[in-house]
Amino acid sequence: MAPVTRTITQQQLLAYADASGDLNPIHVNEQFARTTMFGGTIAHGMLVLALIGEMMFAAHGEAWASRGKLKVRFKAPGRPGDTITASAQLTREDAGSGNVEYAVQCANAAGETVIEGRASIGSAA
Amino acid sequence: MTSARTSVSTLPRGYELEPAQFSLPPERIDAYLLAVGDRNAYGNIVPPLAVVALALAELQEQVSLPEGSLHTAQEVEHLRTVRAGEMLTMRGRIAQRSERQGFVISVIELDVLAAEGESAVRARTTVLAPGGALGA
């Protein structure tokens, strides 16, 4: 499966906050975020997770949209300036039913895992 | 964040949110796709994570996340394709609640229903939030 790579920007965090309604100041208020344990703003987890969704739809199209499953943990924050790569490794494939399962992850350029988990597509009804 | 909403860390296990309807006009989906940088050709298909993101927006109309809250895990199950223009209903509940070292871990279950009443997307969102007294 082709990985998806994107560099996160603060402008993107602001746009996502507008689009999603998630205005948590840790994502949008740089002055506030500098006072926290993160030392600066961090990306919404769902913003980074969208890279995995994009990757899965690019590979499987409507099958992903209609019968996909995703289960992930957010392991580390993505930050403005980080280049994040979403990737997947096939862990199970059933040719008869069409079920597939992947280990999925998002990692930054330093190789640190930002998100990890599993994605799967069930069989068509 | 307004103080009129209830903080997630004060909600008990089993608490049910008020159902909330939300629409998926194409321009709202386009704004989401632009924000996340996704250039897939979706046609009129709404990415499932967009459905979850917008359902969580409805959740946050009722439930506030205290400063210092973190999204720690996410599960999503796609039950059918959602298309632009649909009207959906978010139903949510606090499925689990535990406390650890002054923080509250809440698992919020969302069931996003299509107009016909069937589930289109289900999600479980785990949030770690600074502690609050139950029922406060």
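The values are calculated or read from the model by the stated rules, or taken from the named source; none is laboratory data. Model, not experiment: these values are computed from the prediction. Note: ideal-geometry Cβ built from the backbone for every residue, glycine included; neighbour counts use all protein chains shown.
Looking only at segment B:77-86, decide whether some residue is among the aliphatic types (A, V, I, L, M), surrounded by 17 or more Cβ atoms within 10 Å (Cβ to Cβ) and more than 18 Å from residue B:113 (Cα to Cα). No, because not a single residue in segment B:77-86 is among the aliphatic types (A, V, I, L, M), surrounded by 17 or more Cβ atoms within 10 Å (Cβ to Cβ) and more than 18 Å from residue B:113 (Cα to Cα).
So which of A:40, A:53 is farther than 22 Å from residue B:76 by Cα and either more than 10 Å from the chain's Cα centre (by Cα) or within 14 Å of chain B (Cβ to nearest Cβ) (or both)? None of the other options fit; the residue is A:40.
What about residue B:18, is it more than 14 Å from residue B:123 (Cβ to Cβ), free of Cβ contacts under 8 Å to residues at least 60 places away in the same chain and either surrounded by fewer than 16 Cβ atoms within 10 Å (Cβ to Cβ) or among the hydrophobic types (A, V, I, L, M, F, W, C) (or both)?
Yes; evaluated as a whole, the condition is true for this residue.
For segment B:1-17, a tally of residues being assigned to a loop (DSSP other than H, G, I, E, B) and either closer than 18 Å to residue B:91 by Cβ or at pLDDT 90 or above (or both) returns 7.
Without any contact (Cβ under 8 Å) to a residue 24 or more places away in the chain, of a type in the set (Gly, Ala, Ser) and under 19 Å from residue B:37 (Cα atoms) - does that describe any residue in segment A:31-52? Checked against the condition, which is being without any contact (Cβ under 8 Å) to a residue 24 or more places away in the chain, of a type in the set (Gly, Ala, Ser) and under 19 Å from residue B:37 (Cα atoms), segment A:31-52 yields at least one hit.
Yes/no per residue for (1) farther than 17 Å from residue A:117 by Cβ; (2) more than 9 Å from chain B (Cβ to nearest Cβ); (3) out of contact with any helix residue (DSSP H, G or I) (no Cβ under 6 Å at 6 or more places or on another chain):
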| position | (1), (2), (3) |
| --- | --- |
| A:23 | yes, no, no |
| A:32 | yes, no, no |
| A:58 | yes, no, yes |
| A:61 | yes, no, yes |
| A:69 | no, no, yes |
| A:89 | no, yes, yes |
| A:97 | yes, yes, yes |
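Among the residues of segment A:1-17, those that are surrounded by fewer than 22 Cβ atoms within 10 Å (Cβ to Cβ), hydrophobic (A, V, I, L, M, F, W, C) and facing chain B (nearest Cβ under 10 Å) comprise A:14, A:15, A:17.
Within segment B:63-76, if we keep just the residues that are facing chain A (nearest Cβ under 8 Å) and of a type in the set (Gly, Ala, Ser), the residue that is nearest to residue B:119 (Cα to Cα) turns out to be B:73. Residue B:60: facing chain A (nearest Cβ under 7 Å) and either closer than 23 Å to residue B:30 by Cα or modelled with pLDDT of 95 or more (or both), yes or no? The answer is yes for residue B:60. For segment B:19-37, give me the residue count where each residue is more than 10 Å from every other protein chain (Cβ to nearest Cβ) and assigned to a helix (DSSP H, G or I). Qualifying residue count for the region: 2.
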